[in-house]
Amino acid sequence: MNEQLSWLDSALSALGRMGYLGAFLSGFLGASVPFFPSYVLIPLLATQLNPFIVGVVSGVGAGVGQYLHYYIGFGGRYLFSAETRTRFERWRVRFDKYGAWLVLVIAATPLTPDDVIWIPLGLVGYPKTKALLAGILGKTILSLVYAYAGYYGWPFIDQLLKGWELS
């Protein structure tokens, strides 16, 4: 357990020294590297820096990080047969109508794996800019929630830890 906390402490320290670049990297790595704890680092960074800026910058980083999954689908579509690609095209009509909203909602939800939507968007060749902007907006909303939860919640958590003599 101490090893995990020392890793987290080291990561927080390094990202905190980077300032807002650390917030961007925290969002980017959290969205593109499995099990990277951005949901822990963003709130803690917000206790050291301006929470609004931390939320926006980490949201942009997370949106760009998720966008990489679009290219997995985009490049992977050539691995499928022409018949299978035709079936993907049927989904394009739905994605054209609801895709941006779907990306925004899934990106703003902490418990859904975003790859579920990004890879199919790439498979059908959904407009890149539309997908990226919706992803950035959704991740920014989520990151702002994380940042302000850390900013306003940390005093309570700190008091709780002191009461348990853990801080």
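The values are calculated or read from the model by the stated rules, or taken from the named source; none is laboratory data. Model, not experiment: these values are computed from the prediction. With ideal geometry, Cβ positions are generated from the backbone for all residues, glycine too; neighbour counts draw on all protein chains shown.
Which ones in the stretch 90-99 are in contact with a Pro (Cβ under 9 Å, 6 or more places away or on another chain) and not aromatic (Phe, Trp, Tyr)?
Asp96, Gly99
Here Lys97, Lys128, Lys162, Lys139 are screened, and the one residue that is buried (at least 20 other Cβ atoms within 10 Å of the Cβ) and of a type outside the set (A, V, I, L, M) is Lys139. Which one is farthest from the chain's Cα centre (by Cα) among residues in the stretch 40-51 that are farther than 11 Å from Gly30 by Cβ and aliphatic (A, V, I, L, M)? So, considering only residues that are farther than 11 Å from Gly30 by Cβ and aliphatic (A, V, I, L, M), the one farthest from the chain's Cα centre (by Cα) is Leu49. For Arg87, the stated conditions do not hold, so it cannot be described as at pLDDT below 85, surrounded by 14 or more Cβ atoms within 10 Å (Cβ to Cβ), out of contact with any Pro (no Cβ under 6 Å at 6 or more places or on another chain) and in a helix (DSSP H, G or I). Restricting Val54, Val60, Val33 to residues that are under 12 Å from the mean Cα position of the chain (by Cα), surrounded by 16 or more Cβ atoms within 10 Å (Cβ to Cβ) and not small (Gly, Ala, Ser) narrows the list to Val60.
Each row is one residue, and each column tells you yes or no for (1) at pLDDT 90 or above; (2) crowded, with 18+ Cβ neighbours inside 10 Å.
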| residue | (1), (2) |
| --- | --- |
| Tyr71 | yes, no |
| Glu83 | no, no |
| Ile106 | yes, yes |
| Leu111 | no, no |
